[in-house]
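Input: a single structure, listed below in structure tokens.
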There are 2 protein chains.
Amino acid sequence: MDLGTVRTVNDGPIRVAVDAMGGDHAPLEIVSGTLSWARSHPAERVLLVGAPERIAEVAVGQIPPNVEIVPASQVVEMDESPAQALKSKKDSSIMVAMDLVKQGRADVLVTAGHSGAGMAAAVLKLGRLPGVDRPALAVQMVTETGPFVLLDIGANMDSTGNNLYQFAHMGSLYAERVLGVVNPRVGLLSIGEERGKGDQAVQQATETLDAEGTLNFIGNVEGRDLVKHMADVAVCDAMVGNVTMKFFEGLATFIFGLWEKEFRGSIRGKLAYLLMRPSIGRIRTLFDYEKMGASPLLGVKGMVLITHGSAKRRMIEFALDAGVTAGRARIPDLIADAFRGKPRHG
Amino acid sequence: MDLGTVRTVNDGPIRVAVDAMGGDHAPLEIVSGTLSWARSHPAERVLLVGAPERIAEVAVGQIPPNVEIVPASQVVEMDESPAQALKSKKDSSIMVAMDLVKQGRADVLVTAGHSGAGMAAAVLKLGRLPGVDRPALAVQMVTETGPFVLLDIGANMDSTGNNLYQFAHMGSLYAERVLGVVNPRVGLLSIGEERGKGDQAVQQATETLDAEGTLNFIGNVEGRDLVKHMADVAVCDAMVGNVTMKFFEGLATFIFGLWEKEFRGSIRGKLAYLLMRPSIGRIRTLFDYEKMGASPLLGVKGMVLITHGSAKRRMIEFALDAGVTAGRARIPDLIADAFRGKPRHG
């Protein structure tokens with residue numbers, strides 16, 4: 001069967017290209033997670049991209065039949081300049097994996113490598129979808145009542161109102177089709193709750209979204225609204241999104257660290273810990289960032305998911321789950337449909 | 001003694017103008033907090049600005065001798081447009097209080113009223129310090145090893161690189177003179193750790209700060225660095241600062257809520273709570289946002305502190321403490337000195 005001709009990705013096996021060489025713990029953790037995932041998902045297919053001998057070195061057990069190794073001789077390192085690396089390393093794992101998506105041999109790509117290089121490679125190789133001015137990197141964030149989508153967290157600098165408007169559409173589609181939210185509430189993450197309050201970009205996006213009236217646009221959401229799940233999609237400039245996401249990571253780790261110290265620091269604490277073990281488990285589960293899996297890059301001609309540079313095998317497995325869901329939902333096609341004939345604003 | 005002529009505020013009593021009518025719980029909580037604080041700080045002076053009959057209604061016990069009531073017949077409500085309210089309400093408590101600062105009758109102003117109105121009134125009445133293009137609102141945020149200053153959290157939209165550069169200087173002075181940090185580490189809150197990575201404003205501010213070389217400029221800090229106390233001053237555009245500050249509030253409340261539910265939800269939890277009581281107290285103390293007191297508006301010709309709209313008496317007392325420290329430090333004079341003869345960038 002020539003997988004390159006399969007068009008209805010909704011029903012068939014999803015073919016995931018995995019960048020085996022990208023990430024702080026590559027290739028060991030990437031390969032381990034991927035092989036384990038492939039074994040438990042025999043209906044899907046994996047194209048594991050990297051140096052075959054290095055993959056063989058770290059692979060434990062047989063390579064399962066649904067995994068194909070696709071050779072790539074180079075690696076973009078975490079500390080390289082993306083632009084230079086992509087120019088000089090045409091046979092890097094990220095570029096070869098991106099080619100698989102471009103050629104239609106893979107439905108989705110997962111990488112834990114340099115996120116800047118991943119995004120640059122996607123724009124370079126796949127290109128933007130027609131009508132999309134700039135792609136956006138999105139992330140799922142946790143609340144007690146379910147996840148919400150935050151974007152952009154790092155694909156662009158100095159986003160305009162029109163960019164935010166487009167992010168709103170892409171985020172809404174993603175929340176609907178991947179998270180399964182009916183009629184997602186889309187908010188602009190800004191400085192006050194009054195509709196339109198914020199910088200020029202927020203004001204302009206508000207006008208456009210209000211005038212268009214197609215999304216379930218709820219106006220502004222504030223920083224404190226996010227954890228209350230007051231929006232299913234929070235749209236913002238990458239500076240705001242990236243700082244928010246990383247602050248979440250930092251603050252959650254900090255608070256858990258404080259509790260841990262108190263639990264360990266005394267006999268009373270140790271006793272309390274024993275009593276609270278199920279509770280601690282529940283809270284830890286809620287804040288389990290590895291479950292976020294991976295961040296979709298929305299707006300390019302192909303489904304690209306970028307996971308944490310520090311991802312280990314367990315997070316890679318969640319990233320592959322996210323990849324299959326995103327691949328099955330045909331998000332790039334949906335975005336292309338949504339943007340067909342849409343006027344540009346600004 | 002004509003207090004208007006006292007110039008060396010460092011040594012004398014600090015004269016704090018308090019907006020008695022601004023805030024969600026005004027005048028009751030503002031007046032209660034102020035009177036209680038004045039009683040325990042007999043060496044300082046308070047000018048309590050508002051409707052005398054309403055202040056008298058809520059005042060418990062004698063008005064202490066170091067409190068003078070300054071009449072103001074109008075109030076800017078929390079849901080009013082600042083620009084309109086300030087135009088039509090010349091005798092509002094915030095405008096009258098600001099006048100006291102302008103006339104040199106007060107060294108510092110504390111308000112829990114509409115923060116937009118407070119900032120607008122400050123710019124309108126006091127004006128910006130020479131050399132300062134835009135004022136910045138700063139806030140103290142908590143870490144395990146001490147507070148850091150985050151600014152701007154809401155005075156401006158669409159800050160330029162030159163604005164960020166000026167915020168860096170004002171924040172550094174505040175951290176040094178009010179928080180007592182020696183040679184404060186100043187960072188630009190941005191999207192990556194590489195120096196200069198970020199939007200145009202961050203890139204430009206980086207260049208200027210590097211070229212100037214007078215501050216202890218450490219380059220970028222990321223969202224996850226904040227709680228690790230990697231900077232004493234984190235400088236950013238108001239969208240980033242405001243979302244970060246409010247997200248902190250929301251997330252901390254959310255996480256504490258989760259623990260509380262677990263402690264209350266079972267016999268085991270209740271028992272653990274009893275054991276953990278001292279620990280919970282320690283953690284609560286660390287996250288006690290009322291202790292932040294108030295946010296200084298830096299860059300205007302007078303010391304103005306804006307506290308939380310929901311502030312109750314305890315937070316008002318902390319705000320007055322902050323007011324005295326800030327007033328004694330003569331921050332506006334220091335900023336004026338620092339900006340004298342400074343070239344503008346951009």
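The values are calculated or read from the model by the stated rules, or taken from the named source; none is laboratory data. The structure presented is a predicted model; accordingly, all values stated were derived computationally and were not measured. All Cβ positions, even for glycine, are placed from backbone atoms using ideal geometry, and neighbour counts span all protein chains on display.
Listed values, structure above:
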| read-out | value |
| --- | --- |
| Single unsatisfied condition, A:LEU251 versus (1) touching a residue at least 24 places away in the same chain (Cβ under 8 Å); (2) closer than 23 Å to B:ALA238 by Cα | (1) |
| Number of the condition not met by A:PHE256 [criteria: (1) facing chain B (nearest Cβ under 8 Å); (2) at pLDDT below 90] | (1) |
| One residue from B:GLY219, B:GLY281, B:GLY241, B:GLY223 being among the small types (Gly, Ala, Ser), in the same structural domain as B:LYS197 (by TED's automatic domain parsing) and within 24 Å of A:GLU144 (Cα to Cα) | B:GLY223 |
| Breaking point among (1) in contact (Cβ under 8 Å) with a residue 40 or more places away in the chain; (2) within 14 Å of another protein chain (Cβ to nearest Cβ); (3) part of a helix (DSSP H, G or I); (4) of a type outside the set (Phe, Trp, Tyr), for B:ILE316 | (2) |
| Members of the stretch B:45-88 found to be of a type outside the set (Gly, Ala, Ser), at pLDDT below 90 and farther than 18 Å from B:ALA122 by Cα, listed by number | B:VAL60, B:GLN62, B:ASP79 |
| Filter result for B:GLY250 (surrounded by fewer than 23 Cβ atoms within 10 Å (Cβ to Cβ) and either out of contact with any Pro (no Cβ under 9 Å at 6 or more places or on another chain) or more than 9 Å from chain A (Cβ to nearest Cβ) (or both)) | yes |
| Among the residues listed as B:ALA106, B:ALA121, B:ALA97, the single one being over 15 Å from the mean Cα position of the chain (by Cα), closer than 26 Å to B:GLY33 by Cα, away from every other protein chain (no Cβ under 14 Å) and assigned to a loop (DSSP other than H, G, I, E, B) | B:ALA106 |
| Selection status of A:GLY22, in contact with a Gly (Cβ under 8 Å, 6 or more places away or on another chain), buried (at least 18 other Cβ atoms within 10 Å of the Cβ) and modelled with pLDDT of 95 or more | yes |
| Test: residue in the stretch B:171-186 that is small (Gly, Ala, Ser) and touching a Gly at 6+ places or on another chain (Cβ under 9 Å) | no |
| Every pair of residues 6+ apart whose Cβ atoms lie under 8 Å, when the first sits in the stretch A:21-36 and is of a type in the set (Asp, Glu) while the second is assigned to a helix (DSSP H, G or I) | A:GLU29/A:ARG313; A:GLU29/A:ILE316 |
| A:MET141 vs. criteria within 14 Å of chain B (Cβ to nearest Cβ) and either closer than 25 Å to A:VAL227 by Cβ or touching a Pro at 6+ places or on another chain (Cβ under 7 Å) (or both) | yes |
| Residue that is nearest to the other protein chains (Cβ to nearest Cβ) [pool: residues in the stretch B:206-243 that are in a helix (DSSP H, G or I) and over 21 Å from A:PHE248 (Cβ atoms)] | B:THR206 |
| So A:GLU144, is it closer than 25 Å to A:LYS312 by Cβ and among the charged types (D, E, K, R) | no |
| Within the stretch B:18-88, helices (runs of 4 or more DSSP H) holding 2 or more residues that are out of contact with any His (no Cβ under 6 Å at 6 or more places or on another chain) and under 19 Å from B:LYS291 (Cα atoms) | B:28-40 |
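Each row is one residue, and each column tells you yes or no for (1) surrounded by fewer than 17 Cβ atoms within 10 Å (Cβ to Cβ); (2) closer than 21 Å to B:ASN242 by Cα.
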site	(1), (2)
B:VAL142	no, yes
B:THR145	yes, no
B:LEU150	no, yes
B:HIS169	no, yes
B:VAL178	no, no
B:GLY198	no, yes
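Matching residues to (1) farther than 23 Å from A:ALA168 by Cβ; (2) within 11 Å of chain B (Cβ to nearest Cβ); (3) touching a residue at least 12 places away in the same chain (Cβ under 8 Å); (4) surrounded by fewer than 21 Cβ atoms within 10 Å (Cβ to Cβ):
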position	(1), (2), (3), (4)
A:GLU260	yes, yes, no, yes
A:LEU274	yes, yes, no, yes
A:ARG277	yes, yes, no, yes
A:PHE287	yes, yes, yes, yes
A:LYS291	yes, no, yes, yes
A:PRO296	no, no, yes, no
A:VAL300	no, no, yes, no
A:VAL304	no, no, yes, no
A:THR325	no, no, yes, yes
